[in-house]
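The values are calculated or read from the model by the stated rules, or taken from the named source; none is laboratory data. Quantities reported herein were computed from a predicted structural model and do not represent experimental measurements. Cβ sites come from the backbone with ideal geometry, for glycine too, and all protein chains shown count toward neighbours.
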Amino acid sequence: MLRLGRHEFGDDEALMMAIVNRTPDSFFDKGATWAEDAAFERVRLVASQGAEIVDIGGIKAAPGAEIDAAEEKARVVDFVARVREEFPELVISVDTWRAEVGDAVCAAGADLINDAWGGADPELVDVAAAHGAAIVCTHTGGVTPRTRPYRIEYDDVVRDAIDSTLGYAQRALDAGVAKDSIVIDPAHDFGKNTFHSLEITRRLGEMVETGWPVLVSLSNKDFVGETLDQPVGERLLGTLAATSVCALAGARIYRVHQVPETRQTVDMVWTIAGRRRPKRAIRGLQ
């Protein structure tokens, strides 16, 4: 069982986490959901498409304008409360590494803290525990939030990702976060070059074998673009190919821009893998 705040999911369920950016400078949508009403329409759309989780972010991961905690909260806290009121069935995740922001959004109704920066703020686990929230434990190789990796090296990137995320998961447990509310994420592109992200993808099964539910955030990432020499808007096919590999390995949560395409890809792979039954199977039977 996976418990994300007030929501529970069986081990046979793969979950779609739809990205909702409350930022004017996101690499993918270029600020399309910066305005609150536009962001809310995005929530409505992905909910209608079957996303179980919305991941709301108030600050882009890449370098850019300085956004302090007060501004980040102004972008996400009231919005979380609005989404919570209209969509009680949705899991609300907030993409933040700051404990101050995590505390405010959990008080407003968030179920899950998606810490993309690997525990840069050590108090974030205490916030999750205090609110009964779930947490995503990522691997970033120790890089500073909102910086790009430069010539980072690992003896074994997968071993490093496993050791780091399991260490983070243990800190969350020690802080009081429930065991069934902890998710690990190798964090493609974060603290990694393209070769590292490809190896993480190829060997994702090793992370799944730890027993912790694994989240992957592959959607339109640079490792896909560099592999295929494709710009941001042309990376869907490569993203879905990488998604298929991760789905076969058993990843549980998929953080995505394109919900229906990813859902069909994951459902097809999970069915091939024997984790899911076909929706309809009458060929040759009637």
_When you check Glu72 against the structure, is it surrounded by 15 or more Cβ atoms within 10 Å (Cβ to Cβ), touching a Leu at 6+ places or on another chain (Cβ under 9 Å) and charged (D, E, K, R), yes or no?_
no
*Residue that is surrounded by the fewest Cβ atoms within 10 Å (Cβ to Cβ) [pool: residues in the stretch 1-51 that are of a type in the set (Asp, Glu) and under 30 Å from Ala65 (Cβ atoms)]*: Asp37
*If you go through the stretch 97-117 one residue at a time, do you hit one that is among the small types (Gly, Ala, Ser), within 22 Å of Pro213 (Cα to Cα) and free of Cβ contacts under 8 Å to residues at least 60 places away in the same chain?*
yes
*asked:* Suppose the filter is at negative phi, touching a strand residue (DSSP E or B) at 6+ places or on another chain (Cβ under 8 Å) and either in a loop (DSSP other than H, G, I, E, B) or touching a residue at least 12 places away in the same chain (Cβ under 8 Å) (or both); does Thr265 pass it?
replied: no
*Pick from the stretch 229-249, criterion part of a helix (DSSP H, G or I) and over 18 Å from Val266 (Cα atoms), ranking: modelled with the highest pLDDT*: Glu234
*Starting from residues that are among the polar types (S, T, N, Q) and in contact (Cβ under 8 Å) with a residue 24 or more places away in the chain, keep the ones in the stretch 208-230 and report whichever is farthest from Arg252 (Cα to Cα).*
Thr227
*Subset of the stretch 77-108 (residues that are in a loop (DSSP other than H, G, I, E, B) and either within 21 Å of Ala175 (Cβ to Cβ) or hydroxyl-bearing (Ser, Thr, Tyr) (or both))*: Thr96, Trp97, Arg98
